[in-house]
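Note sheet for the following structure.
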Amino acid sequence: MLAGDWLRAAESLPETDDPRQVLGDGPVLVLAPHPDDESLGCGGLIAAAVEVGLPLRVMVVSDGTGSHPRLPRAMMRDLREAETKTAVAALGLPPTALEFLRLPDQAVPAAGEGLAAAVAAIIRSGRPATILATWEHDPHGDHVATFAIAAAAARALGARLLAYPVWGWAHAWPIPDFPLPDPPWLAAPPRGHRFDIQRWLPAKRAAIAAHASQTGQLAGGFALPPEALALADRPFEVLLETFP
C-alpha cells in the first residue's frame, strides 16, 4: 500500500485506552525530534502513562532553533526548552523526566559519530524497555534520523520500538502547501495500536498550546498549519510496532 492508504488502515488498528497495553510496564523513553513533537504525536499517551504511574521520560533530540532562523539561536533554544518544560508539565511529567540532547536542528545525524553519541545518551538515560520515536517515513530529515537513533538504541538494549507519525499524516490527509515527497510503498500491513485519548485530550491540547512559538505567536518563522493541528487534535493516537 502507498503510505496514505497504509496510514488510513492504521487508524483502524485495535483500540485501547490502557497505556499498559501499548507500553508494557517497564521504563519508557519518548524521543522527540524537536520541541513539540512529543505533544503533537503522543501527548495523550504520555498523559495516560503518567496517570497510571508508568515510568516515562521525554528526550528532545534537536535544539529546535531551525523554526525561526533569523532569531538568535541561543534565544530560540532557551525559549523552546522553556515551552517544552511547560508542555510536559501539562501532561503530568516533572522537569526531572525531561532531557535535551541539543543536536543541531535540521541536521540530526542518522549515522556516524553523532548517531553513536545519541545512542549512548539514551542508554545512560535509564535503559528504557520501550522507546517511542517519530515514524521512519515522516517527511522530515530530523524525524527520520530520530527514528534511526531510536532503532539503534533499541537494538543495543533489546528494547521494544514504537513509532508515532507527525508529519507523515500528510500522506493520508493532505496539508495545503506542505511539500511531500513521493509516498513510500509499504508491503506489510500496519501493526500496533489506536490509543483512545479522549480522557487526556485536554492535557494534550494544553501541552500543544504551550509551544506558543510554533503556533503563530512568534513572528518571523514557522507556524504549525491549522490542518496539522487538527490532525493532532483527534481523539486518538496511532502507535506503530516496528522492528529495529
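Fully extended, how many nm does the chain gain between E113 and A156 (0.36 nm per residue separation, minus their Cα-Cα distance)?
13.9 nm
Sorting M76, M1 on the 10 Å Cβ count, fewest up front, what's the list?
Listing M76, M1 from fewest to most nearby Cβ atoms yields M1, M76.
Between A74, A207, A118, find the one with the highest GNM mean-square fluctuation for the chain; connect C-alpha pairs within less than 10 Å.
Per the Cα network of the chain with a 10 Å cutoff, A74 tops the list.
For the chain, what is the Kirkwood estimate of the hydrodynamic radius, computed as the reciprocal of the mean inverse distance between distinct Cα atoms, to one decimal in Å?
This gives a value of 17.7 Å.
Using the Karplus curve 6.51 cos²θ - 1.76 cosθ + 1.60 with θ = phi - 60°, what ³J(HN,Hα) values do you get for each residue of segment 124-131, in whole Hz, with x for Gly and Pro?
Ordered by residue, 3J(HN,Hα) equals 5, 6, x, 6, x, 8, 9, 10 Hz.
What dipole magnitude, in Debye to the nearest 20, does segment 1-84 give about its Cα centre under +1 on Lys/Arg Cβ and -1 on Asp/Glu Cβ?
The dipole of segment 1-84 has a size of about 420 debye.
Using a 10 Å cut-off around each Cβ, can you sort K85, K204 from fewest to most neighbouring Cβ atoms?
Placing the least packed residue first, the sequence is K85, K204.
Counting residues in segment 135-181 as N, plug N into 2.2 N^0.38 Å and put the Cα Rg over that result.
1.32
Please work out whether segment 162-229 counts as rounded, prolate or oblate from its C-alpha gyration tensor, where a ≥ b ≥ c are the square roots of the eigenvalues and a/c under 1.5 means rounded, while otherwise a/b larger than b/c means prolate and anything else oblate?
oblate
Let me make sure I get this right: for segment 1-125, a, b and c are the square roots of the gyration tensor eigenvalues over alpha carbons, sorted descending. Under 1.5 in a/c it's rounded, otherwise prolate if a/b > b/c, else oblate. Which is it?
prolate
Quick one: if you stick a label point 7 Å off each Cα along the C-beta vector at A212 and R234, how many nm between them?
3.0
In whole percent, what relative contact order does segment 33-99 give with Cα contacts below 8 Å and a gap of six or more residues?
That works out to 43 percent.
Counting only the backbone N, which residues of segment 151-179 are under 14 Å from the spot 7 Å out from the Cα of F222 toward its beta-carbon?
Output list for this probe position: 166-168, 178-179.
Picking from L115, L45, A188, whose Cα lies most toward the positive end of the charge dipole for the chain (charges on Cβ: Lys, Arg +1; Asp, Glu -1)?
L115
Can you run phi through the Karplus equation (6.51, -1.76, 1.60; θ = phi - 60°) for segment 91-101 and list ³J(HN,Hα) in whole Hz, with x for Gly and Pro?
So the Karplus estimates, Gly and Pro as x, are 8, x, 8, x, x, 5, 9, 10, 9, 10, 7 Hz.
5 Å is the cut-off here: which amide hydrogens, built 1.01 Å from N in the peptide plane, fall below it relative to D17, excluding neighbours closer than 5 in sequence?
Sorted by chain and number, the residues that satisfy this are D196.
State to the nearest 20 debye the size of the charge dipole of the chain about its Cα centre, where the only charges are +1 on K and R beta carbons and -1 on D and E beta carbons.
500
Assuming a ≥ b ≥ c are the square roots of the Cα gyration tensor eigenvalues, decide whether segment 1-45 counts as rounded (a/c under 1.5), prolate (otherwise, with a/b larger than b/c) or oblate.
oblate
GNM, the chain, Cα, under 10 Å: largest mean-square fluctuation among A203, A129, A47?
Comparing A203, A129, A47 in the GNM, the peak value goes to A129.
So how far, in whole Å, is the C-alpha centre of segment 74-93 from the one of segment 98-166?
Each part's Cα centre sits 19 Å from the other's.
Choose one of P128, Q106, V30: the residue whose Cα lies farthest towards the positive end of the charge dipole of the chain (beta-carbon charges +1 Lys, Arg; -1 Asp, Glu; about the Cα centre).
Farthest towards the positive pole: P128.
Under a crude label model (7 Å from the Cα following the beta-carbon direction), how far is I123 from A188 in nanometres?
2.5
Only the coordinates and a few stated rules stand behind these numbers; no lab work does. What you see is a predicted model, and the numbers here were worked out from it, not measured in a lab. Quick reminder, even Gly has a Cβ in these numbers, built from the backbone with ideal geometry, and neighbours come from all protein chains shown.
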